[in-house]
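The values are calculated or read from the model by the stated rules, or taken from the named source; none is laboratory data. The structure displayed is predicted, hence computed values, not measured ones. Here the Cβ positions follow ideal geometry from the backbone for every residue, glycine too, while neighbour counts run over all protein chains shown. Quick note on the areas: whole protein, heavy atoms, side chains included, nothing else; ligands and nucleic acids left out. Shrake-Rupley method; radii C 1.70, N 1.55, O 1.52, S 1.80 Å.
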Amino acid sequence: MDTELGNKNEPEQHQNKKRMKLFLVFLNCMLMAIGQVAGPLLMRIYYLHGGKSNWLGAWLLTAGFPILIIPIAISYIRARAREQAGRLLVTKWLFGASAILGVLLGLDSYLYSFGMSYLPVSVSSLLGSSQLAFTAIFAYIVVKHKLTHYSINAVVLMTFGSLILGFHMNGDKPRGEAKGKYILGFFMTIGGAALHGFLMPALEFTYLKAGKAITFDLVLQVQFLISMFATLFCSIPMIINKDFQDISKEAAEFGLGETKYYTILLIAAIVLQFLVIGSLGVIFSSTSLLGGLLSSLLVPVQQAFAVIFLKEVFNAEKGMALAMCLWGFASYLYGEYQKPEANKEESTD
């Protein structure tokens, strides 16, 4: 009798786990979407109205990491209530890997922040979308995800989209900005996209080599460590350059006023932490490739918000680059959709 009840409960437990996984995927995708759309807009407003520190922009990406103490504490209290011990789940391997990934994330944040200080959001977001191509390549190298002709097509299309922007950069250069700085911002953003494309498979590889079950509690702790090390990495040059001391001076000279200066920085720190939490969470609940796909899918949303709120011009070159980005995304998505069908046919044979 007990065996029969156990057999009946197994499908129900499987369904509950599936629903929970879908919920986590959805939640992390929403956090990632909020952060990726709102974060760059706020940082561009910061630069447009007098903000000058690229390291501060990079620091803000992960400076909101203490927010993670709340869910970690809730998890700890629930574990104590169930009389479970040993809530420090991070191994030496995960600690070391988190430190390395945190430093790389801090460097990646600086590259994006530098590019954002000289490029309109509509340009930097399109260039950032090329990270899907880098993610596909590094996922193939690092975690052995197979490349299909659909994913190769996506890589080629997004590369050409970036090249189109590069060949027509003069018409979109902000007034009064030196061409050299605009070109440097262009290549720094491409470099940031490449590094971001490596970070996502590298984190997936870290989970695979963790040597223990990857639970939601463990992921929270890893996220905390990665963000902490990234913040520490960005804090060092800020201390050397005395950027922390200059914040009050920058606030007093900010074009929108001192109150809005601090408000923008505070909200940017929160939503950018949403981006980090969502990105790392998507990899935990799915794969690094889904994170790359979602990031590229949000590009048109970033474009729309930049045109509406920042009055940026949407010219023909951006339209063509965006079309190539969406075409590449559709190609990659179709290839992923075809995989289960191909696997089903192979198992049938």
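Structure above, values below:
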| quantity | calculated |
| --- | --- |
| Ranked by how many other beta carbons lie within 10 Å on average, peptides 275-281, 147-153 from highest | 275-281, 147-153 |
| Whole-number accessible area per residue in Å² for the chain, which is evaluated in the context of all protein chains at 1.4 Å | 51 |
| C-alpha center-to-center spacing [the range 260-308, the range 189-207] in angstrom | 15 |
| Among 138-144, 303-309, the order from most to least packed when residues are scored by Cβ within 10 Å on average | 138-144, 303-309 |
| LEU256-PHE23 pseudo-label distance in nm [points 7 Å out on the Cα-to-Cβ vector] | 3.6 |
| Fraction of accessible area attributable to carbon and sulfur, the chain (%, probe 1.4 Å) | 68 |
| Modelled label reach - ALA73, point 7 Å along Cα→Cβ, the range 209-224 residues with backbone N closer than 12 Å | none |
| Across LYS52/LYS179; LYS18/LYS146; LYS52/LYS181; LYS17/LYS144, pairs whose alpha-carbon gap is larger than 20 Å | LYS18/LYS146; LYS17/LYS144 |
| Relative contact order (%) - criterion: Cα under 8 Å, at least six apart; region: the chain | 37 |
| For the range 20-81 and the range 88-147, distance of Cα centres in Å | 15 |
| More than 29 angstrom apart: percent of Cα pairs within the chain | 43 |
| Fully extended contour minus Cα-Cα distance, from LYS179 to LYS52, at 0.36 nm per residue | 43.9 nm |
| Among 323-333, 223-233, the order from most to least packed when residues are scored by Cβ within 10 Å on average | 223-233, 323-333 |
| Prolate/oblate/rounded call for the range 269-325, Cα gyration tensor, a/c under 1.5 rounded | oblate |
| Rounded to 10°, Cα long-axis angle of helix 2-48 versus longest principal axis of the chain | 10 |
| Separation of the HIS149 and VAL307 label points, Cα + 7 Å toward Cβ, nm | 3.4 |
